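One structure is given here, and the rest of the page talks about it.
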Amino acid sequence: MPDEFPMHDPQKIWQDQPTEAIKMSLDEIRRRARKLQTRGRLAALLTIVIGLVLCVFFALTAAKPQELVGRIGWGMLSLWGLYAAYQAYKWTWPGTLPADATLSTSLGFYRGELERRHDYARHVWRRAGLTFCFAGLALVILPALIGAFRTPRLLLNVAPLFVLLVIWFVVFFSMRRRNQRKLQREIDELKFLEEENRS
Amino acid sequence: MVSQDDLYREAADGYGSSLDRLARAYEADPETRRDLLQDIHLQLWRSFAHFDRRCSLRTWVYRVAHNVATGHVVRQRRLRTSLVGIEEIESLPSKERNEFAAGQNQALERLSGLIQQLKPLDRQIIISYLEGMDANSTAEITGLSAANVAMKVHRIKNVLKRWFHEGGPNAG
């Protein structure tokens, strides 16, 4: 039996595949670079504007005459809108290719990307400002909830919402933990390979 | 001194087709693949502002292209089924391997499908092998040792041999 496979040589099949090697002129490349940056900026701007609009809306609601607890709640939600806008600017504003994309080997770059993802997922709660969001929401609905204790029928009506919220929390955190473990395993494997190559 | 534009032109002329094939190995959807390929070209052009000739042009081109494509895979990861290593592909049931049969186009589709299931590092090694690179060149791009690459290539060859032979016209 021959060492290679003449009838179906994978290398030949791979290299003979029809390609439509794109020919972009340098002007075209520069135009696309500008366009890509503009598109990225517009998408980031949209998220920032949404955050700011929410901030103003919640602040206006907080200014309306109502109980102090409710006001604090709306105020916190307004802060959350502002924080979300800042985070959107920080994380979605288009940058250039990470510096290590050209300097690192594929192994190092891939590990770096996974670590960035791992790090992002680990801090997603803080980065999304979910503490502000949930604390604000809790304070907004607290007066209504206390009122509902006097009318159990009303409490029963909102119970499914709370059950869904608890389920969401459980699913969110267990999925996050599972993904984090998976990512960490892969990062460790890559680190091991890097160390092996160094020694 | 060679300018950024000249370097890009040289790279696009010399490796344009290889980059197209590389994009195919990373993205199945034709529209997204086109975007990915354009992004690779764009980032390649940008990268030449920092090219210091510490490695060959080919190594630089592949390194940037693989890194851009890997970034794409990592970003898209949540949307896809999980990726596997070449070791797991080795243990796929033969029924699936037998579907590898028939014409060149179908074989190419299956080959691309096989590559797209792999984790980025294994994907880079199989692409380098299919492009006809030796273990040392692949090691320079990926950062793995040449021995490690050679071992992986050996595995890849075995997998491809089984996929092509057992399901191919010579089977049996």
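The values are calculated or read from the model by the stated rules, or taken from the named source; none is laboratory data. Everything numeric in this text was worked out from a predicted model, so none of it was measured. We place every Cβ from the backbone using ideal geometry, glycine too, and count neighbours over all the protein chains shown.
Scoring A:A85 on the criteria (1) surrounded by fewer than 19 Cβ atoms within 10 Å (Cβ to Cβ); (2) in a helix (DSSP H, G or I); (3) not charged (D, E, K, R) leaves a single failure, condition (1).
Among the conditions (1) crowded, with 17+ Cβ neighbours inside 10 Å; (2) touching a residue at least 24 places away in the same chain (Cβ under 8 Å), the only one that B:R46 does not satisfy is (2).
Quick one: would you say A:V171 is away from chain B (no Cβ under 13 Å), under 25 Å from the mean Cα position of the chain (by Cα) and closer than 26 Å to A:A84 by Cα? Spelling it out, A:V171 is indeed away from chain B (no Cβ under 13 Å), under 25 Å from the mean Cα position of the chain (by Cα) and closer than 26 Å to A:A84 by Cα. Exactly one residue out of A:F192, A:F109 is part of a helix (DSSP H, G or I), touching an Asp or Glu at 6+ places or on another chain (Cβ under 7 Å), under 30 Å from B:D122 (Cα atoms) and without any contact (Cβ under 8 Å) to a residue 40 or more places away in the chain: that is A:F109. It is to be established whether one or more residues within segment A:42-49 are more than 30 Å from A:V140 (Cα to Cα) and modelled with pLDDT of 85 or more. Yes, segment A:42-49 contains a residue that is more than 30 Å from A:V140 (Cα to Cα) and modelled with pLDDT of 85 or more. Considering A:V140, A:V166, A:V171, the condition of being in contact with a Gly (Cβ under 7 Å, 6 or more places away or on another chain) and at pLDDT 85 or above is satisfied by A:V140 alone. Taken over segment A:8-50, the residue count meeting the criterion of being away from every other protein chain (no Cβ under 12 Å) and of a type in the set (D, E, K, R) is 1. Has segment A:54-76 got any residue that is under 25 Å from the mean Cα position of the chain (by Cα), surrounded by fewer than 16 Cβ atoms within 10 Å (Cβ to Cβ) and free of Cβ contacts under 8 Å to residues at least 60 places away in the same chain? Yes, segment A:54-76 has at least one match.
Just one of the listed residues (A:A84, A:A128, A:A148) is under 15 Å from the mean Cα position of the chain (by Cα) and at pLDDT below 85, and it is A:A128.
Residues are listed down the side, and each one gets a yes or a no for (1) in contact with a helix residue (DSSP H, G or I) (Cβ under 6 Å, 6 or more places away or on another chain); (2) more than 27 Å from A:L183 (Cβ to Cβ); (3) modelled with pLDDT of 90 or more:
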site	(1), (2), (3)
B:Q116	no, no, no
B:I127	yes, no, yes
B:I156	yes, no, no
B:W163	yes, yes, no
B:G168	no, yes, no
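The single condition among (1) modelled with pLDDT under 75; (2) at the interface with chain A (Cβ under 10 Å from one of its Cβ atoms); (3) surrounded by 15 or more Cβ atoms within 10 Å (Cβ to Cβ) that B:Q104 does not meet is (3).
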